[in-house]
1. Report the FRET efficiency, 1/(1 + (r/R0)^6), for B:R18 and A:Q22, where r is their Cβ-Cβ distance and R0 is 56 Å, rounded to 0.05.
2. When only DSSP loop residues count, what GluC sites (Glu not before Pro) in region B:183-262 have their Cβ near at most 10 other Cβ atoms within 10 Å?
3. To the nearest Å, what is the center-to-center distance of region A:50-127 and region B:336-372, using C-alpha atoms only?
4. If I take all pairs of Cα atoms in region B:101-228, what percentage of them are more than 18 Å from each other?
5. Can you pull the three principal axis extents for the Cα set of the protein assembly as shown, in Å, largest first?
6. So what is the diffusion coefficient of chain B in µm² per second by Stokes-Einstein at 25 °C and 0.890 mPa s, using a Kirkwood Rh over Cα pairs?
7. Checking the a/c ratio against 1.5 first, then a/b against b/c, what shape does the Cα gyration tensor give for region B:379-453?
8. Among the lysines, which fall within straight-line cross-link reach of B:K256, defined as a Cα-Cα distance under 17 Å, with same-chain neighbours fewer than 8 residues apart omitted?
Amino acid sequence: MEFAELIKTPRVDGVVLRRPFQPTVEGTLCLTGHHLILSSRQDNTEELWLLHANIDCIEKRFVGTLGTIIVKCKDLRVIQLDIPGMEECLNIASSIEALSTLDSVSLMYPFFYRPMFEVIEDGWNSFLPEDSFKDLESMTDEWRLSDVNQDYCVCASYPPLVAVPKDVDDDTLRKAAAFRHAGRFPVLSYYHKKNGMVMMRSGQPLTGTNGRRCKEDEKLINATLRAGKRGYIIDTRTIAVAQQAKARGGGFESEANYPQWRRIHKAIERSSVLQESLIKLVEACNDQSHNMDRWLSKLEASNWQTHVKEILTTACLAAQCIDREGASVLVHGTEGTDSTLQVTSLAQIILDPTCRTIRGFQALVEREWLQAGHPFQQRCVQSAYGNGSSVKVRCEAPVFLLFLDCVWQILRQFPCSFQFSEHFLVLLFEHAYASQFGTFLGNSAAERAKLKLSQKTVSLWSWVNRPQEAQRLSNPLYEANSLVIWPSVAPQSLLLWEGVFLRWNRSSRCLDEAYEEMVHIIEYNKELQNKVNSLRRQLAELETDDPLQHTE
Amino acid sequence: MEFSEHIKTANVEDVVLRRPFYQPTKGTLCVTGHHLIFSNRGGDSARPFLLLLRNIDAIEKRPSVSSGTITLKCKDLCVLQLDIPGMEECLNIASSIESLSSLETVSEMYPFFYRPPFLSLQDQWGLSSTEQHYAQMKEIHDGWRVSQVNRDYSVSPSYPPAVIVPHSIDDETLVKAARFRQGGRFPVLCYYHRETGTVIMRSSQPLSGANRKRCREDELLLQAVIDGSELGYIIDTRSSQQAQQARMTGGGFESKSCYRGWKRLHRQLEKGKVLQESLIKLVEACGDQSHSVDRWLSKLENSKWLSHVQTALSTAGLVAECVERDGHSVLVHGSEGTDTSLLVSSLAQLILDPDSRTLAGFLGLLEREWVQAGHPFQQRCAHSAYSHVRLRHEAPVFVLLLDCVWQLARQFPLAMGFSEPLLLRLAKEVYASDYGTFLCNSDQERCVTGVKERTHCLFQSLLRANERQHYSNPLYERTELAIWPSIQPPSLQLWKGLFLQWTDDALHLVEAQKVIQNLVSQCHRPLNEKVENTDG
């Protein structure tokens, strides 16, 4: 196998592993095609089992013949390996570098991973567009499922099936697609059952400097409006950025051509800005200097919380238009694959209680991120430690992580309204960046089909939906809440997501214990409740069995 | 009664009350000697809204021709608004509130009139006395004794009548040592650490002055503390520069040459005006819901409140480390020994002592280290963050303590027997209360004004069965270990429960807390009983 070529030294003895808040471990380091493994000679000491794909970057240092490799992971953990022997250390380092930056997707671990658990439900089939359309059909007959994109020709980043207004035929869609960035014509993202209003998403219209127009595009989005009603277009860019886009062939919907629509501009930053923000934030979190002022300044300078706030605010706006104003909404930015999806998916979490369940949230991620063509592979190729050493065009950005952070903020504000706990969000963050499952591989439905992921890899959902795992990820405080939940976006209400950003810099033992204790209490409560019920039943049976009791 | 002189208009109809979390309601406003009472007859709740006038920190009025608006900013940080029809009524109400909320005679305050059915004035006032506390600690009886030298408060006006001192030091020596300490606050025992046999003492600064005076008796007293062992630490809560400067005004510090065996460490804790201003800035930042994250974080940083939390916790950690890890006794003092010294000594005890982390133990600690030890509550808590009155002696030292305790509880969710609602309740009571516990500035003043005979004790009340349940931590599991807090800046958080309690996002959190509380109370008591009943 070709991995072997990359591994010059597969095994080194006497390696010392150092991790924060854990005792150092001495053991044997082994490199395999996909893992870095450290096993200690003593029993009962924990081993390190690290996916190469999880390694963001490494640094090496030498003191005499003792080499040290600092491994910085995409899940933000930093570990240190002390390796005796300079040559061994250099070999190991270069192997890790090569193995953690494999170019070919088909060499990635998910293609080699065989599940050790029984797959009860194949996650690849859990959330098919046909199924979610059936739900829609039960509510309205104004929409149809179009297969205009079945060979991915109309839009390379769209799935084969999309929901569009019933009155609009495929020809119109094709023409509208030609007028939208990368062919991303407006499609249905969410149907609000309460008042029949909808949220759509698309790429920017290609008006260019000449102010081109496209009758079919106008017809398509107007078809979603009720007679006499106006809709809102939420552009995730500022008006200045949208204006500039014209020079490169992009643009926005003009009032003249779209008189039934009101355009609102918001300011969600582009990917490269978000990536820089993440790097600064993680740097601040890892800085162990003891000064409160410096910490708050750095946190502020990272701008991360500002991004969280902007995204949440825009999502609230979209939800407000739909629920309170009773208007339909079209959301887009430039490509329609990043900030657009953050807004549409968060708005659904605010509006739709189903999205706050474990399965509903998976369906949301599947629908609004994976099927909708968020380029996961490009965005997650590097995390906060990637210093841009790669010569490739940089397109990594923590778009999905920001989305998860926003969900966490809502979850924190409404601790009883979500069926899942913070653990689920952290798990999704980890697997988006490095995973044994194929779910987050590729950049679009087309790429995933080409890679035959559903045949060759296991879906993350197959793992998550096993009863014991679902149990682990569930929120013990959950009480189904069918209402719309409006999060506070005041800066004071937004917190740093400790579970991700301070996860490795603090000992979470006490917090974990408390959480377990709470879960334990709740389970005990259920147990007692059951016991009471069964005793009541027994009592009732005894009373009816024994007529003497009544006469007494 | 003389209150009536202050009340020109006792009743106004058709007043609109606006307060956080409630829809504006129309009703009748009534001013009494101690309360504002607002009742809406047609309303859904039968209970009128009651506001202790003492709780009002600042009042702003905007009269117009036919009506007026009064904004009340409370010491518990809540902001209310009253729309009052009639300019004259508005002005009358405002002036009544102004004078009644700033009454300074202790015996006119509400605790002297508060007579709830569930408490009796015959009950013991306070949880424990120095003697009782001493009696419980058998292990210190060999080396330490209770001294009544201050029984008539003549040695130190701010100390309680009885204090614990080394056995070998007689009262005469204490009297002389007291003369050498500011306010007569000679070193006394506050905590004995069983495992190492070392102690935490506290005092005020020595009055060495510019001439470097010394006092044999004071030296003897401290020598007796570390008798035999080689080293003790003096933690001075001022910077060494501040301590030097204090000599010019008659204060000073323990010099190396006179106090052999004692090593002095300086840790600068802010107090007084600096702390009060920090609170004011923080509250202002929290109240500003304007929509920029940058401005919020800058303002939070500028307030320096979290830096004060960090310094307090790290100094307390240092004291605890000296005692537990190095096995050395510690003396804590700043200048007066009534503010930062108490902050540090009580936090160090919480870190070290599992007994002080139970509900009763914590209240006992507060009683010993704050109420009896002579923290001047009345001066420090006369005004809170909103007042326009020129500051005199106000400082939120006790609130800072509660914040530090909250940080500890957040980092060790199982270790504390009490929960956040208790800390919030205390933060409110310390500024305005039905109870007499936080009245006056010292034990002596409380005796003179009859607080102990004519008011009820908050701590006693908090330990009644139903209150106890409300304030207990459902997750509590006693640990005998010391709990070492992380003082890394990211580990310390803004205490939202207190500083943002009136903003929207507090609502959902309160709901969640209720769910947890319900689950737990269902779980532990009634369900157990049900099972037993049905089983039997």
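1. On the way: r = 53 Å, r/R0 = 0.96.
Between B:R18 and A:Q22 the formula returns 0.55.
2. Numbers: sites: B:E195, B:E217, B:E219, B:E230, B:E254; in loops: B:E195, B:E230, B:E254.
Here the GluC sites (Glu not before Pro) that fit, given the DSSP loop and packing criteria, are B:E230.
3. After rounding, the separation between the Cα centres reads 50 Å.
4. Values: 4993 of 8128 pairs.
Value for region B:101-228 (Cα pairs over 18 Å): 61 percent.
5. 102, 86, 85
6. Working: Rh = 25.0 Å.
The Stokes-Einstein estimate is 98 µm²/s.
7. Working: a/c = 2.55, a/b = 1.46, b/c = 1.75.
Because a/c hits 1.5 or more and a/b fails to exceed b/c, region B:379-453 counts as oblate.
8. B:K213
The values are calculated or read from the model by the stated rules, or taken from the named source; none is laboratory data. A quick note: this is a predicted structure, and the numbers were derived from the prediction, not measured. Here Cβ is always computed from backbone atoms with ideal geometry, including for glycine, and neighbour counts include all displayed protein chains. Note: accessible area is taken over every heavy atom of the protein model, side chains too, but ligands, DNA and RNA are not part of it. Shrake-Rupley method; radii C 1.70, N 1.55, O 1.52, S 1.80 Å.
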